[in-house]
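In what follows, a structure is listed as structure tokens, so that the remarks can point back to it.
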Amino acid sequence: MECKIGLFDAHIGGPHQLFKIGQALPNDIDIICGDCFDFANVDKDYIERLTLHYTMVKAKYGNRYTEGNHECSHWEHFHYQWEAPSGRICASSHGHLTWDKKKIRKWQNKEDGAGSIKRGFSYLLNRYRDTFGGFKITDDELDRAFEYMNRQGFHMMALGHKHPLELKVFTEGDMELRFYPRGIHPVYYE
């Protein structure tokens with residue numbers, strides 16, 4: 001079994017960030033699975049610094065960096081894929097791929113930055129979510145994710161976005177869909 005080290009939902013710049021703006025990420029990270037940076041909730045006075053940090057990290061990781069919903073205004077890559085030694089096709093992305101197109105477009109049109117009220121609300125929402133187990137993963141979202149995986153020919157897909165307290169795994173046929181908690185986690189594949 002092989003492994004890539006993934007970073008999920010660091011939200012740098014947001015009120016619940018795992019790393020500070022400008023702080024180097026650990027060198028052992030192989031893939032970034034969305035919401036590494038939080039353009040939606042960064043203090044408006046720090047947008048320029050956050051953009052510079054994002055640009056440097058994005059240059060280092062290239063297509064191994066997939067943007068999440070908090071990076072919508074900067075979207076380039078919806079997923080990263082690789083072939084496992086077994087020939088199975090694996091991928092990483094962010095869980096917002098489970099959204100319908102209308103919701104995705106709405107987030108893409110959001111302006112970067114937030115004031116103190118929005119940042120305070122974001123902090124409280126995420127404290128609640130991180131304490132009580134993340135956002136619910138609905139049947140509709142699972143259907144859209146498996147449909148996307150099937151269309152792309154993926155066998156395993158690693159996602160963030162839902163902030164579960166522990167790894168959540170769903171299967172359909174020979175496809176395996178995984179939602180990872182926030183932070184740095186091994187993504188095993190064979």
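Any read-out appearing in this document is the output of simple, stated calculations on the displayed coordinates, not a laboratory observation. Since the model is a prediction, treat every value here as computed from it, not as a measurement. For neighbour counting, all protein chains shown are included, and Cβ atoms are generated from backbone atoms with ideal geometry for every residue, glycine included.
Miscellaneous remarks
- When every Cα-Cα distance of segment 1-72 is counted in 5 angstrom steps from zero, the calculated P(r) takes the values 4, 18, 30, 29, 12, 5, 2, 1, 0, 0 percent.
- For segment 2-189, averaging the sequence separation of C-alpha pairs within contact (under 8 Å, six or more residues apart) and dividing by the residue count gives a relative contact order of 27 percent.
- Residue order for ASP30, ASP143, fewest other beta carbons within 10 angstrom first, comes to ASP143, ASP30.
- Extension gain (nm, one decimal) between PHE78 and MET56, 0.36 nm per residue minus Cα-Cα: 6.0 nm
- Computed extension length for ASP139-LYS168: 9.1 nm, one decimal, from 0.36 nm per residue of separation with the Cα-Cα distance subtracted.
- Cα-based shape type of segment 125-181, given that a ≥ b ≥ c are square roots of the gyration tensor eigenvalues and the cut on a/c is 1.5: prolate
- For SER86 and GLN152, a Förster radius of 25 Å and the Cβ-Cβ distance give a FRET efficiency of 0.90, rounded to the nearest 0.05.
- Segment 2-189: antiparallel DSSP beta bridges as a percent of all, rounded to 5: 55 percent
- Based on Cα contacts under 8 Å between residues 6+ apart, segment 1-101 shows a relative contact order of 24 percent.
- Among THR98, THR138, THR51, the ranking by other beta carbons within 10 Å of each residue's beta carbon, starting with the fewest, stands as THR138, THR51, THR98.
- Applying 0.36 nm per residue to the separation of LYS106 and ASP28 and subtracting their alpha-carbon distance, the gain on full extension is 24.7 nm.
- Taking the alpha carbon gyration tensor of segment 1-133, multiplying each eigenvalue by 5 and rooting it gives semi-axes of 25, 17, 15 Å, largest first.
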